[in-house]
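The structure appears right after this line, and notes come after that.
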Amino acid sequence: ALHSCWGDSLKEMVCVDSSAPMNKLAERLLKGDEERGDPCIKHVYFRQFLPVSPKVQFDLVTAAFTLSELPGVKDREDAVLTLWRKTNSYLVLVENGTKEGHQILMEARETVLK
């Protein structure tokens, strides 16, 4: 989606998923399911963890359907604060369009506003 909007003006895209198999699958899909192929989108990097250094920030940080996977309010609050510290411009959170998803997003909003 990022590439379709901003194309080659993007310097890099860092995709973070704690699941190594999911990262491997996503990387393979970018190569058109060819093990040794070139990725169809350049400068996409896959990681299992966010960079630890507080100096590493991004213009746009997105988290889709992540917060609802966490076990409790404190875990979600910690995750939102970590994501907020990683952006120097925008944080986009996406959750399911349910009452629970809405509540989670309102919690995240309050966390950032504090």
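The values are calculated or read from the model by the stated rules, or taken from the named source; none is laboratory data. Just so it is clear, the model here is predicted, and its values are computed rather than measured. In this analysis, Cβ positions are derived from the backbone assuming ideal geometry, glycine residues included, and neighbour counts consider all displayed protein chains. What goes into the accessible areas is simple: the full protein's heavy atoms, side chains included, and nothing from ligands, DNA or RNA. Shrake-Rupley method; radii C 1.70, N 1.55, O 1.52, S 1.80 Å.
Worth pointing out:
- Exactly one residue among THR111, THR87, THR82, THR62 is touching a residue at least 12 places away in the same chain (Cβ under 8 Å), farther than 24 Å from GLY7 by Cα and out of contact with any Asp or Glu (no Cβ under 6 Å at 6 or more places or on another chain), and that residue is THR82.
- Residue within the range 90-112 that is on the phi > 0 side of the Ramachandran plot, in a helix (DSSP H, G or I) and among the small types (Gly, Ala, Ser) present: no
For every residue, the table says whether it meets (1) in a strand (DSSP E or B); (2) acidic (Asp, Glu); (3) open to solvent by 100 Å² or more (accessible area, probe 1.4 Å).
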residue: HIS3; (1), (2), (3): no, no, no
residue: LYS24; (1), (2), (3): no, no, yes
residue: ASP33; (1), (2), (3): no, yes, no
residue: ARG36; (1), (2), (3): no, no, yes
residue: PRO51; (1), (2), (3): no, no, no
residue: LYS55; (1), (2), (3): no, no, yes
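- Qualifying positions in the range 79-102 - more than 15 Å from the chain's Cα centre (by Cα) and open to solvent by 60 Å² or more (accessible area, probe 1.4 Å): ASN96, GLY97, THR98, LYS99, GLU100, HIS102
- Exclusive hit being open to solvent by 40 Å² or more (accessible area, probe 1.4 Å), over 22 Å from SER4 (Cα atoms) and without any contact (Cβ under 8 Å) to a residue 60 or more places away in the chain, set LEU29, LEU105: LEU105
- Among the residues of the range 68-114, those identified as modelled with pLDDT of 95 or more, among the acidic types (Asp, Glu) and under 17 Å from ASP17 (Cα atoms) are ASP75, ASP78, GLU95.
- Pick from the range 38-49, criterion modelled with pLDDT of 90 or more and of a type in the set (A, V, I, L, M, F, W, C), ranking: least open to solvent (accessible area, probe 1.4 Å): PHE46
- Flag if LEU60 is surrounded by 13 or more Cβ atoms within 10 Å (Cβ to Cβ) and in a strand (DSSP E or B): yes
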